[in-house]
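Participant: I am attaching a structure below and will ask some questions about it afterwards.
The values are calculated or read from the model by the stated rules, or taken from the named source; none is laboratory data. None of these values were measured; they are calculated from a predicted model. Cβ atoms come from the backbone with ideal geometry, glycine included; neighbour counts cover every protein chain shown. Heavy atoms of the whole protein, side chains included, go into the accessibility calculation; ligands, DNA and RNA do not. Shrake-Rupley method; radii C 1.70, N 1.55, O 1.52, S 1.80 Å.
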Amino acid sequence: PGKPCGRWLAWLVRDWGHRNWSDKVVTISAWYAMNDPDPDPERELWTGDSPCYGGRALDAGINSTRGAMASAIARLLFDDNDRFKALRDAVDSLVHDRSTAVRCCAIEILLAISNIDLELATKWFSECVSADDVILSTPGVDRFLYHAGFRDYARVRPVLRRMLQAK
C-alpha cells in the first residue's frame with residue numbers, strides 16, 4: 001500500500017522466469033492481484049465511444065496492474081506448482097475479477113493450474129469466460145481448450161459450443 005509499483009513488479013516476475021523468488025515476492029504479487037485498483041471497472045478503457053487499446057480487452061488487461069499480475073502469477077505457478085497454496089486466493093480473485101479485461105489475462109493462470117488440479121482449473125475457466133463473450137476471443141482461451149480438451153473434453157464442451165454460437 002502506498003507504493004504503486006505493481007505493474008512493473010509483475011513484468012519483472014513474468015520476464016525473469018525460472019527464478020527462486022522469495023515468499024515475500026509471492027505475497028506481494030498476491031496482494032497486488034487482489035487489491036490494486038487498476039483497472040477501475042467503472043471506466044473499462046476498452047469499451048465506449050472512443051475505446052483505448054483499439055477496443056481490445058486483452059490489451060487493456062495487460063496494461064493494467066491486476067492484468068499484468070495475472071501473467072506474473074501464471075509464471076510463478078508454471079515455475080513452481082507448490083506456490084499454488086500461497087496464490088490460490090489471488091487466482092480466485094483474478095478469475096472472478098470485476099473487470100473483463102483482467103479476466104482475459106487470468107486465463108493464462110488456469111493453464112498453469114491445469115497441471116496442478118484440472119478439475120478446479122476447468123471449473124474456474126468456465127466461470128471466468130461466463131462474464132463476457134469477448135473473453136472467448138483471447139488466445140489464452142484457445143490454448144486452455146487445446147490442452148484441457150485432451151484431458152477432460154466433457155468439462156470444456158459447453159464453452160466450445162458457446163464459442164461456436166457467438167457472433
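Participant: If you count, for each residue, the other Cβ atoms within 10 Å and average over each peptide, how do 18-31, 73-86 line up from highest to lowest? Before the final figure, lay out each step's value.
Facilitator: Details: 18-31: 14.3, 73-86: 18.6.
Per-residue mean Cβ counts within 10 Å order the peptides as 73-86, 18-31.
Participant: Tell me the relative contact order for the chain as a rounded percent, counting alpha carbon contacts under 8 Å between residues six or more apart. Mind dumping the intermediate values first?
Facilitator: Values: 228 pairs, mean separation 34.6, N = 167.
With pairs under 8 Å counted, the relative contact order is 21 percent.
Participant: How big is the charge dipole of the chain about its Cα centre, in debye rounded to the nearest 20, if each Lys and Arg gets +1 on its Cβ and each Asp and Glu gets -1 on its Cβ? Provide the component values of the computation, followed by the final result.
Facilitator: Numbers: 22 positive and 23 negative charges, 59 e Å.
Dipole magnitude for the chain comes out near 280 debye.
Participant: Also, quick follow-up: Over the chain, give the accessible area per residue in Å² for a 1.4 Å probe, as an integer. Please list the in-between numbers first.
Facilitator: Values: 8920 Å² over 167 residues.
For the chain, the per-residue accessible area is 53 Å².
Participant: What FRET efficiency comes out for the pair residue 157/residue 8, r = Cβ-Cβ distance, R0 = 35 Å, nearest 0.05?
Facilitator: About 0.30, to the nearest 0.05.
Participant: With a 1.4 Å probe and all protein chains left in place, how much of the accessible area of the chain comes from carbon and sulfur atoms, in whole percent?
Facilitator: Working: 4530 of 8920 Å².
Solvent-exposed carbon and sulfur of the chain make up 51 percent of the total.
Participant: If you don't mind, there's one more thing I want to ask. How large is log10 I(q)/I(0) at q = 0.17 Å⁻¹ when the Debye formula is applied to the Cα atoms of the chain, each weighted equally and without solvent?
Facilitator: With no solvent term, the Cα-only Debye profile gives -0.97.
Participant: Right, here's the next one. I'd like to verify something in the chain: which complete DSSP H helices, judged by Cα projection on the helix axis, reach 15 Å or more and average at least -0.5 on the Kyte-Doolittle scale? All intermediate terms of the calculation are to be shown ahead of the outcome.
Facilitator: Details: long enough: 23-35 (18 Å, 0.29); 65-79 (21 Å, 0.64); 84-95 (16 Å, 0.52); 100-113 (20 Å, 1.93); 118-129 (16 Å, 0.47); 139-165 (23 Å, -0.45).
Result, helices passing both filters: 23-35, 65-79, 84-95, 100-113, 118-129, 139-165.
Participant: Suppose each label sits 7 Å from its Cα in the direction of the beta carbon; what would the residue 131-residue 150 distance come out to in nanometres?
Facilitator: With each label placed 7 Å out from Cα toward Cβ, I get 2.9 nm.
Participant: Give the accessible area for residue 153 in Å² (nearest 10); use a 1.4 Å probe, count only protein heavy atoms, and leave out ligands, DNA and RNA.
Facilitator: Its accessible surface works out to 120 Å², give or take rounding.
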